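Here's the structure, in structure tokens; my notes come after.
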Amino acid sequence: MNVFDIIGPIMVGPSSSHTAGAVRIGQIARVVAGGKPVAVTIELYGSFAQTYKGHGTDKAIIAGLLGMAPDDQRIKDSLALAGQAGMSFKFRKSSNQAVHPNTALISAVDQLGKKTIVQGSSVGGGRIVVNRINEINVKFKGDYYTLLIPHTDTPGVIAAVTKLLADHGINIAELNMYRSHRGGEAMMVIETDQAVKAEVVSLIEAVKTVKKAVLIEPIY
Amino acid sequence: MITYDSIQELADRARKKGKRISELVLEDQALHMEQSKDELVELMRKSLHVMAAAAKSGLTSRSLSASGLSGGDANKMKQVVDGGRSLSGKVLSETLAKALAIAEVNACMGRIVAAPTAGSCGIIPALLLTLKEEHHLTEDQVVMSLFTAAGLGMVIAKKASISGAEGGCQAECGSAAAMAAAAAVELMGGSPQMSAHACAFALKSVLGLVCDPVAGLVEVPCIKRNASGAANALVAAEMALAGIESTIPVDEVIGAMKAIGDAMPKALKETAEGGLADTPTAKKIAREILR
């Protein structure tokens, strides 16, 4: 905690959890989906589903998906701006129990028809936790440089990736591995203290059984 | 390094070093965040500018929030101030107008600074910006006083809570008022100990205040509680500057706030299930809005 957690963030109202946090969930979904989704479906859970209109949670998530930050004054016009940007959207209220009361599940389809699922929860004060990427349950907050590395669960992948980071002087703050089952689909989530250059991201993508590497810049 | 476990400790340390609380907090945070003091001051200045812009736009705006529940009250208050028709004098009525203004901007999806939260964003800037105008203070002085507000806010966040969902409105508008009061005391030349007393007064006055937003929106009663929170801060600062002392030490008041927040039923902590949110009128509004 520092002084700017208390006097801050600078944000568009009315609610840090229902508005600022919602923008951030959208921001991350945009990056994970490859930068420019053309059609999105957003499922809202719990308090998000109950009060999304009054808090502008719908406008906030769409703004994030369009690449806006929580202090962007265009957030209140984002639904119209989505049309101009060629992004269609649909909201659904879910009555199912979610991992957290303020949760959104975003399915984003890109120009090539590829679908990406990102689920995030707004946990207070504008801070968020991403808890699902496609079919894999994960957990990260977006406060570091975060690498998402989907791969096939095989021996040596973590060693190869972490060696590349070490060779480029990048320190790992946290590393987590999630997998559907032994030898199945897996996801490495690596949070680093330093920025990861595009060339390092490409080198990671060249590691055997790594399918992709997505870098998310810190969102706070 | 400061641990932000005790406001009394902060005040004592400032007194011993012959410094203001803001100077101590700034020095500590520069070390903690590995940035220069100047960089942090400029970041804080940016926040102050956003606060001032929100106050300005809110005072003239008559637009309504998306729910239609709020908007235009700051403008009504401002007309009374400008017409010289205020009941309570310029400083208080101008503070009230600005607090309403910033809280209304927040409700209308305008840009604000959470201080410490979005729901309580009007309190600190309303009082500090009004003091700046009425007492001809410099921008630098007000920027520095925000470090005092933030330093005390960190202690409250660590030892109790600044979230309505965790501690009720006492933790949101109460904390904002306490932070504003302490900052105002420093701005007006009071001692660190006076800031600590002001913080205690503001919190004591709203202990037990529940968070009961109608339809779950940050509008009713939040916007008017920003006005009363700013008034509470002014009352607390005025008493502390007069040399009045809090019988219960500030850190114990924070402890009491934490205990009260923990004891408060969930229905009265932002869930919109109790208090004003559970009145017939509120339920009718909720049904209409959430339909």
Hits in the range B:82-97 (condition: in a helix (DSSP H, G or I) and open to solvent by 10 Å² or more (accessible area, probe 1.4 Å)):
B:Asp82, B:Lys90, B:Val91, B:Leu92, B:Leu96
Between B:Ala286, B:Ala272, B:Ala277, which is part of a loop (DSSP other than H, G, I, E, B), touching a residue at least 40 places away in the same chain (Cβ under 8 Å), open to solvent by less than 90 Å² (accessible area, probe 1.4 Å) and not polar (S, T, N, Q)?
B:Ala272
Determine, yes or no, whether B:Ser67 is within 11 Å of chain A (Cβ to nearest Cβ) and modelled with pLDDT under 95.
yes
Looking at the range B:1-51 only, could you name the residues that are among the polar types (S, T, N, Q), within 13 Å of chain A (Cβ to nearest Cβ) and surrounded by fewer than 21 Cβ atoms within 10 Å (Cβ to Cβ)?
B:Thr3, B:Gln35
Got a number for residues in the range A:72-121 being modelled with pLDDT of 95 or more, closer than 20 Å to A:Met11 by Cα and under 16 Å from the mean Cα position of the chain (by Cα)?
4
Has the range B:213-227 got any residue that is open to solvent by less than 20 Å² (accessible area, probe 1.4 Å), on the phi > 0 side of the Ramachandran plot and touching a residue at least 40 places away in the same chain (Cβ under 8 Å)?
yes
Residue by residue through the range B:235-254, note down the ones that are over 19 Å from the mean Cα position of the chain (by Cα) and either part of a helix (DSSP H, G or I) or at pLDDT below 95 (or both).
B:Glu252
By residue number, the members of the range B:105-114 that are assigned to a helix (DSSP H, G or I) and open to solvent by 10 Å² or more (accessible area, probe 1.4 Å) are B:Val105
List the helices (runs of 4 or more DSSP H) that sit entirely inside the range A:1-79 and contain at least 1 residues that are β-branched (Val, Ile, Thr) and away from chain B (no Cβ under 11 Å).
A:21-32, A:57-65
For B:Thr117, the lone unmet condition from (1) facing chain A (nearest Cβ under 10 Å); (2) open to solvent by 10 Å² or more (accessible area, probe 1.4 Å); (3) out of contact with any Asp or Glu (no Cβ under 7 Å at 6 or more places or on another chain) is (3)
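The values are calculated or read from the model by the stated rules, or taken from the named source; none is laboratory data. Model, not experiment: these values are computed from the prediction. When we count neighbours, we look across all protein chains shown, and the Cβ atoms used for this are built from the backbone with ideal geometry, even at glycine. Just the protein is used for accessible areas: all its heavy atoms, side chains included, with ligands, DNA and RNA removed. Shrake-Rupley method; radii C 1.70, N 1.55, O 1.52, S 1.80 Å.
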